[in-house]
Structures are given as structure tokens and as C-alpha cells.
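Chemist: Quick one: the structure is below, and I'll ask about it shortly.
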Amino acid sequence: MTRQLSKAERAAEREAGWAAHSKQWLEVGRPKMKARVLAEVERRGLASFMNKTRWARLCEAVYAELPFPPSFFLQTVLGERQTAMDTRPASFWGDWRELETDSFEIEWIRVVPTFSRHVAMLLPDEVLDCSDAFRDLLVRQGAPFREDEAGTFWIYGYAPADPATLTSSPETPT
């Protein structure tokens, strides 16, 4: 006869399974992913402009200095190429903590520094804009970025040239 596990025992088993999965990812999966990213970076002739420390400092500054963490679109080196992106003010905040995990695979992010806050049913939404504060933050952090005509900011983890001189859109395949 099989004894039924208690809630605590089931939770301990789940935790042990998760720990084993995490260990497998850190020891095998992550190094393989990093090697694939670096091979693609080399194949496309990209240069690295950000590292884990710089991404972490940028994320900390966003939470510490801005009135809200702006939303963003993320393009990874191995990910499917982003095409049309909505640059209207978002009705949600960005989760900048996700940029600190496996930041080695971030090719670029496109930040929309506006936030649309619902006020009331019969009133238009209030649009908050932190463009100036965000631009100042990027300059102080020394982050490689460019601002486009839509008022969004492109921050580069990898790029084919110095981001300050980039004229073509990062959406263009390299």
C-alpha cells in the first residue's frame, strides 16, 4: 500500500525538482545558449556594448529615478526578428528585472517612455511622459542608445556599429 504524501512532502518534492531543473539549466542549458548567442554574434559581426553589470545598473536606476518603469520591446540575438511595434503610450509598466536574467542574449530593447493612466470612464486617459528623465538617465549611465522619430529609445546590447552613429533601424536584418 502506497502512503499518501502530506502537503509539506509534496512541496518539498516540487522544490527538489525545481532545484534540479535550475541546476541543469545553470550547468548545461545556459552555457549552451551562451555559446549559440556568441556564435550568432560573431556570424553577424556584432559588437558588444552592454554587459551584465551595465544592464543591472541601468535597471536599478530605472526603478530608483523614474516616476514609472517604462514598457519596452525586447529583441534577443537568437529571437525571431521584431517587426511592427506599438509605440503608443502603454497602459502597463515594464518589468526591468527581466533584463538582468541572461542579459547576454539581449540584442536591443526599444523603450516607450510614456504611460497611459486611466482616470475615469468619461475622461480621457492621462499620459505620463518620462522621456527627458529617461534620456538623462541613459546619458549618465553611459548606455549606448538612440532616440527615434516616434520618441522611443533604442538601447543596444549588441550592434553592428557604434550605436551613436547608427542610421539604419535595428529592425533591418544584418
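What follows is calculated from the coordinates using simple rules that are stated; it is not laboratory data. Predicted model, so just to flag it, every value in this text is computed and none were measured. Here the Cβ positions follow ideal geometry from the backbone for every residue, glycine too, while neighbour counts run over all protein chains shown.
Chemist: From the helices alone, meaning DSSP H stretches of at least four residues, give me the mean residue ellipticity at 222 nm for the chain, per-run term -39500 (n - 2.57), in deg cm²/dmol to the nearest 500.
Modeler: -11000 deg cm²/dmol
Chemist: Let me ask you something else. If you line up the Cα atoms of segment 52-121 on their principal axes, what length do they span on each, largest first, in Å?
Modeler: Cα extents, longest axis first: 43, 31, 13 Å.
Chemist: Using a simple charge model, +1 on the beta-carbon of Lys and Arg, -1 on the beta-carbon of Asp and Glu, nothing else, what dipole does the chain show about its Cα centre, in debye to the nearest 20?
Modeler: 820 debye
Chemist: Please report the projected area of the chain's Cα convex hull averaged over all directions, in nm².
Modeler: The Cα convex hull of the chain, projected and averaged over all directions, gives 15.4 nm².
Chemist: Please report, in Å, the Rg and the Dmax of segment 1-45, where both are computed over Cα atoms only.
Modeler: In Å, with Rg to one decimal and Dmax whole: 18.5, 63.
Chemist: To the nearest 10 degrees, how steep is helix 52-65 against the longest Cα principal axis of the chain, on a 0 to 90 scale?
Modeler: 70 degrees
Chemist: Here is a further query. Place +1 on the Cβ of every Lys and Arg and -1 on the Cβ of every Asp and Glu in segment 1-45, take the dipole about the Cα centre, and give the residue among LEU5, VAL37, GLY17 whose Cα lies farthest towards its positive end.
Modeler: Towards the positive end, the residue furthest out is VAL37.
Chemist: Can you give the angle from 0 to 90° between the axis of helix 131-141 and the longest principal axis of the chain, with both taken from C-alpha atoms, to the nearest 10?
Modeler: 70 degrees
Chemist: Using alpha carbons only, how many degrees (0 to 90, rounded to 10) separate the axis of helix 30-44 from the longest principal axis of the chain?
Modeler: Compared with the principal axis, the helix lies near 30 degrees.
Chemist: In the chain, with Lys and Arg counted as +1 and Asp and Glu as -1 at Cβ, which of these residues, GLY151, PHE104, MET50, has the Cα nearest the positive end of the dipole, that is, farthest along it?
Modeler: The residue sitting farthest along the positive end of the dipole is PHE104.
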